[in-house]
Each structure stands twice: as structure tokens, then as C-alpha cells.
Amino acid sequence: MSNDKNEILKTLPLDSWHRGLGARMVPFAGYEMPVQYEGVMAEHLWTREHAGLFDVSHMGQVQLVGDSAAEALEGIVPGNISALGAGKIRYTLLLAQDGGILDDLMVTNMGDHLYLVVNGATKHGDISYLEAQLPSDITLHHMENHALLALQGPKAAAALAQIAISTVQADGTAPTNLYFMEGGAFQWGEVPLGISRSGYTGEDGFEISVPADHAEALAVALCALDDVKPIGLGARDSLRLEAGLPLYGHDMDADTLPVEANLNFALSKARREEANFTGAQPVLAQYPDKAAKKRVGLLVNGRQPIREGAHVVDADGKTIGAVTSGGFSPTLQKPIAMAYVPMALANTGTEIIVEQRGKPIACTVADMPFVPHNYHRKLKL
């Protein structure tokens with residue numbers, strides 16, 4: 001949430017639609033955004049069982065155009081972008097020279113360009129950084145006239161199939177035929193859409209880039225379906241926490257390196273061997289397990305949730321780590337959290353103590369995700 005009460009907040013393309021549905025609006029990433037409609041618990045459980053529609057139009061949407069866009073982006077990020085096939089998506093990290101994480105992002109190969117989705121709170125800094133780092137033959141286009149909707153949950157594919165989206169792809173792939181981490185170009189009537197099978201809840205689902213002028217019509221059409229309801233930021237946060245997904249600015253930042261953030265999977269073998277991305281030397285010096293600290297999941301004993309900022313302490317009460325996200329899990333019916341702990345305490349099953357408001361709370365290091373992912377993956381033969 002924003003801490004600056006004098007900050008002038010932007011509004012989403014769907015602002016009046018949210019308010020008309022009775023959403024409670026809060027400051028987030030420089031925007032007024034819906035935190036809940038019916039209540040966080042109800043919206044969370046609805047998404048786990050049906051399909052929820054999230055407005056994530058605060059996120060930054062960027063196109064990179066140029067014959068060498070993939071190779072140029074690889075100079076900044078550790079992901080293997082040049083090997084990314086058309087219609088495929090890769091999660092990667094925007095890194096500083098010292099290896100610190102400036103942002104995490106999704107990159108889709110759209111065939112004739114790369115499509116990037118970056119975090120809302122960092123998007124303007126990301127764009128400036130990319131423009132400064134990329135060669136002059138790469139054109140960057142900030143898609144400020146587009147909204148971004150996320151349809152998430154086990155009924156998401158069935159719901160999307162009901163609103164008659166047609167393909168404009170040469171292979172005739174329908175959006176519901178996509179697998180997890182695939183995307184492409186589609187149309188809803190005359191409205192062009194970019195659709196990926198991805199999301200931030202741990203459930204099957206889609207993210208839909210739509211021209212802002214058509215976002216409300218699309219949201220209305222989806223929410224007219226029996227299995228779809230609008231869902232706010234509160235449930236988005238509790239869902240991503242259960243899924244073990246880090247939130248930039250909370251669970252990682254510019255002072256955090258990828259190994260510390262437990263994001264080794266984002267450091268592909270080919271790029272580790274090439275070691276020619278920004279921040280490679282300090283990042284690879286920690287790989288795979290040489291960092292002093294690590295992001296872990298915590299199961300909390302008792303019913304009291306622990307929150308961001310609580311201290312991980314040793315037997316003498318000395319601070320040795322910090323909680324970065326925490327809350328009550330509606331699915332598990334118990335408190336869960338993420339925290340940074342010394343690498344020696346990062347093994348699953350390790351007992352640790354968190355101090356919150358002077359009270360010690362026993363916790364256990366747990367595997368993440370806390371709730372199994374339900375992604376629609378292609379079966380490996």
C-alpha cells in the first residue's frame with residue numbers, strides 16, 4: 001500500500017466499474033485499486049473453486065521490437081530468451097550491476113516482437129533502465145492504452161470458452177488450447193487480445209491484454225458467467241502467498257540477489273555458462289547455495305498470523321532474519337509466511353522463532369508452494 005497520503009493516485013480503466021460493484025478502493029502501486037468486493041476470504045475460496053477476474057492494469061506492458069531483441073534483452077536478464085520459441089513465455093529477472101533484483105517479469109515471444117509484463121510499482125524505472133541498456137535498433141513501446149485482466153481458477157478455461165474468442169494465429173490455436181506459460185494473439189469480435197496461460201494465484205488461468213476502451217465490455221461479459229466473479233487485491237495476495245510466489249518490493253528488492261530469493265530456477269544453465277548478463281559475477285558467486293540467507297516458507301504454530309516486518313530471532317533473542325509476507329491461509333486454515341533466514345536454517349522442518357510485538361512465535365520451515373499449483377501443463381512423454 002502507498003505510504004504517501006499526499007500522493008496523487010491514478011485510476012484504472014475499470015475504476016467506475018469497480019466502484020459500481022461496491023469495491024473498496026485502496027492505494028497500491030500509485031493507483032486506486034479494488035482490495036475487495038464481498039470479502040477477502042470469500043473471494044479467495046471462490047477463486048480456488050471457480051474463477052475470479054482480477055484487474056491488474058496497474059502492471060506495465062511493454063513491447064520490444066527489433067531483429068535482435070531477444071539477444072539484446074539477454075544482456076540484462078539471466079533468462080534464456082533467444083531460445084524461447086514463438087508463443088512461449090519465460091519468467092526472468094531484471095538485474096542491477098551488483099546482482100540486485102530490480103524487478104521480476106514475464107517475457108513472451110510473440111513472433112514479431114517480445115511482450116513483457118513488469119510490476120506496476122517499478123514499471124517506469126524498468127522502462128527507463130531498459131531504454132538506457134538496450135541498443136538503438138531495439139524499439140520499446142509502453143502499452144499505456146491497454147488494460148490487463150487475469151482470469152484465474154479451475155473454471156477459467158471453461159468460462160473463457162463461452163465468450164467466443166477467435167484465433168488470429170497461423171496454427172489456429174484457441175486460447176483454451178494453450179498450456180501453462182504459452183501465449184498468443186487472439187480476437188474477441190473486432191477487439192484484438194493478447195492472451196497468456198499464466199497468472200499469480202497458483203491456479204490455472206489466463207492473463208488478457210485488451211485495449212483500455214474495451215476492457216469494461218470484456219469484464220462485464222466474463223462476470224456475467226455463473227462461474228466468474230470480480231476479485232480484489234486482498235485475495236490476490238493471499239492466493240499468491242499460498243502458491244509460494246514472491247511479491248516484488250516485499251519478498252525481494254534491489255538489495256536481494258536471485259539465490260537469496262530462492263529463484264535459482266530463473267538462472268538457466270546456458271546463461272550461467274555464458275555469464276554475460278548484467279550482474280552475472282556477484283549472482284553466480286552465490287550459485288547454487290553459497291548465499292548467507294534464503295527466502296523460505298514458514299508454517300506458524302497456533303492461530304496468530306505473523307506479518308511483514310516481524311523478526312526471526314535466535315535463542316538469545318538476537319535478530320537473524322525477517323518475515324517479508326504473512327497471513328492466514330484460507331485453504332489450509334492456518335497462518336503461513338515467507339521469511340529470510342540464515343542458509344544454515346533454511347532446510348525444511350527446521351524450527352525457528354519469530355518475534356512479533358515482543359511475543360515469540362514458534363514456526364517451522366516448510367516447502368513451497370503451501371498449496372499445490374494447479375497449472376495446465378503439457379504432459380511430458
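Bear in mind that the values in this text are calculations on the coordinates, not laboratory data. Fair warning: this is a prediction, and the values are worked out from it, not measured in the lab. Note: ideal-geometry Cβ built from the backbone for every residue, glycine included; neighbour counts use all protein chains shown.
Note: relative contact order over segment 292-366, using C-alpha pairs below 8 Å and six or more positions apart, is 39 percent.
Ranked for footprinting exposure by Cβ neighbours inside 10 Å, fewest first, Tyr340, Tyr31, Tyr375 give Tyr375, Tyr31, Tyr340. Between segment 364-381 and segment 295-332, the alpha-carbon centres lie 22 Å apart. In terms of other Cβ atoms within 10 Å, Cys223, Cys363 run from fewest to most in the order Cys223, Cys363.
Once C-alpha pairs closer than 8 Å and six or more residues apart are averaged by separation and normalised to the residue number of segment 38-107, the relative contact order reads 17 percent.
For segment 292-366, the calculated P(r) over all alpha carbon pairs, in 5 Å bins from 0 to the bin holding the longest distance, is 3, 19, 33, 27, 13, 4, 1 percent. Among Val210, Val365, Val220, the residue with the largest mean-square fluctuation in a Gaussian network model of the chain, with springs joining Cα atoms closer than 10 Å, is Val220.
For the residue pairs Lys10/Lys229; Lys155/Lys380; Lys269/Lys290; Lys88/Lys269; Lys290/Lys359, the alpha carbons lie more than 26 Å apart in Lys290/Lys359. In the chain, excluding the sites themselves, the longest stretch lacking any of the GluC sites (Glu not before Pro) that are in a DSSP loop with at most 16 other Cβ atoms within 10 Å is 191-307. Relative contact order of the chain, taken over Cα pairs closer than 8 Å and 6 or more residues apart, is 17 percent. Indicate the gyration tensor shape class of segment 151-233 (rounded, prolate or oblate), computed on the Cα atoms with a ≥ b ≥ c the square roots of the eigenvalues: a/c under 1.5 is rounded; otherwise a/b larger than b/c is prolate and the rest oblate. Verdict is oblate for segment 151-233. With each label modelled as a point 7 angstrom along the Cα→C-beta vector, the Lys359-Asp171 pair spans 5.4 nm.
Report the FRET efficiency, 1/(1 + (r/R0)^6), for Gln97 and Asn347, where r is their Cβ-Cβ distance and R0 is 30 Å, rounded to 0.05. The value I calculate is 0.40. Sites counted here are trypsin sites (Lys or Arg not before Pro) in a DSSP loop (not H, G, I, E or B) having no more than 16 other Cβ atoms within 10 Å; the longest part of the chain that contains none of them is 6-289.
How are the C-alpha pair distances of the chain spread across 20 Å bins, as whole percents from the shortest bin up? Bin by bin from 0 Å, the calculated values are 28, 60, 13, 0. Neighbour counts of other Cβ atoms within 10 Å put Phe265, Phe28 in the fewest-to-most order Phe265, Phe28.
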